[in-house]
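Asker: Pasting a structure here, questions to come.
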Amino acid sequence: MKFSKKYNFAASTSLLIAVFSTLAMAIFLYAVLEIVFFWLLLFFLFSFILSFFILQYRVEKFIYTRIKKIYEDVRLLNEESLPKPSVTTDMEVLTREVERFAQDKKLEIETLNIRENYRKEFMGNISHELKTPLFTVQGYILTLLDGAMKDKKVRKKYLQRANKGVERLIYIIKDLDMITKLEVGGLILNKENFNILTMVQNVFDLLEMKAAKKNISLVFDKEYLDEIIVNADKERIEQVLTNLVVNSLKYGKQDGTTEVGVESLAKNKFLIRVTDNGEGISKENLPRIFERFYRVDKSGSRKEGGSGLGLSIVKHIVEAHNEKIYVESQLAIGSEFSFTLEKGK
């Protein structure tokens, strides 16, 4: 007979009890009463069945009580969801559950550690981003209060510089406010149909002076003869394109090129690509470039200005449209950021 593993202990123990008790009874009956073999077989079966049920009941009750305590301690399952038949002498179920519990807890601990490290780094980054303009403003104001205010030329120059520091603070706070709204779903998208090529050209015109400082060319990847209509929030997508082009200019090389292309994809989608031939991004930095305040070059990028939130905002706006954003980059060769948009009607 093949028993389930959870009955093996009771069955094997009952068999031993039945065998030894039958042998003892056989010796007694043969010596005293000389009873035939039929009654010995009947006694063996009765002993085995009785021993099996008694042992199985006792073992189940014994193990069930202790296993239920383990479940309660580790909070694997609620007591209501732990039916009695599932806890027997078969320990495989418990072993699997405990292993699953251990894996889940390990993953949870690793996630918490990652979040804790991210929180510490984020707090360090935001404090650095805020204290720089704050100390700048404070320094100019204290200088004016110490007597420089009497000199009209110095006063005007210092007030202008202090104003730039305040503008930078406002810029950072506005970006943080937008990310917060995006993360909690508080930003309402007003979708409409518009020509994405016209928007790209508007972004080029807006950033023409900034590109001229490095002599970077802002171009399309090819000549587009027809309009390309997309359906999205026009204002937010313009912010996405602006942030991506600004990012390409910030890390672009002198006399370089920033190229924008649009291609049609299946499933009613367009892919918008922003490509540059700048310094590129290393593989270890690629997974983190969309994090708030994360900078590939901690020193150089700060000199370029910005809040350090541009790419994070881009990612949140694209995902708020239920679209995808991608990045490919190689050091000293360049980077390409691309995102999908729904085709307009």
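Asker: If you check G261 against the conditions, is it more than 22 Å from H316 (Cα to Cα) and either free of Cβ contacts under 8 Å to residues at least 24 places away in the same chain or among the small types (G, A, S) (or both)?
Answerer: Working: more than 22 Å from H316 (Cα to Cα): no; either free of Cβ contacts under 8 Å to residues at least 24 places away in the same chain or among the small types (G, A, S) (or both): yes.
The answer is no for G261.
Asker: Counting only residues that are assigned to a loop (DSSP other than H, G, I, E, B) and at pLDDT 90 or above, how many does the range 308-330 have? Steps first, please.
Answerer: The first filter runs over the range 308-330 and keeps only residues assigned to a loop (DSSP other than H, G, I, E, B), leaving 308-309, 321-324.
Of the ones still in play, those that are also at pLDDT 90 or above are 321-324.
Adding up the residues that qualify gives 4.
Asker: While we're on this one: Could you please give the count of residues in the range 308-339 that are out of contact with any Phe, Trp or Tyr (no Cβ under 6 Å at 6 or more places or on another chain), buried (at least 17 other Cβ atoms within 10 Å of the Cβ) and either farther than 17 Å from V262 by Cα or not assigned by TED's automatic domain parsing to the domain that holds I196 (or both)?
Answerer: 10
Asker: Now for a different question. Quick one: would you say E183 is assigned to a loop (DSSP other than H, G, I, E, B) and closer than 27 Å to S248 by Cα? Reasoning before the result, please.
Answerer: Values: assigned to a loop (DSSP other than H, G, I, E, B): no; closer than 27 Å to S248 by Cα: yes.
Criteria not met by E183.
Asker: I've got another one for you. For the list (1) farther than 30 Å from E259 by Cβ; (2) in contact with a Ser or Thr (Cβ under 8 Å, 6 or more places away or on another chain), I need the number of the one condition that I172 fails.
Answerer: The one condition I172 does not meet is (1).
The values are calculated or read from the model by the stated rules, or taken from the named source; none is laboratory data. Just so it is clear, the model here is predicted, and its values are computed rather than measured. Virtual Cβ from ideal backbone geometry, glycine too; neighbours counted across all protein chains shown.
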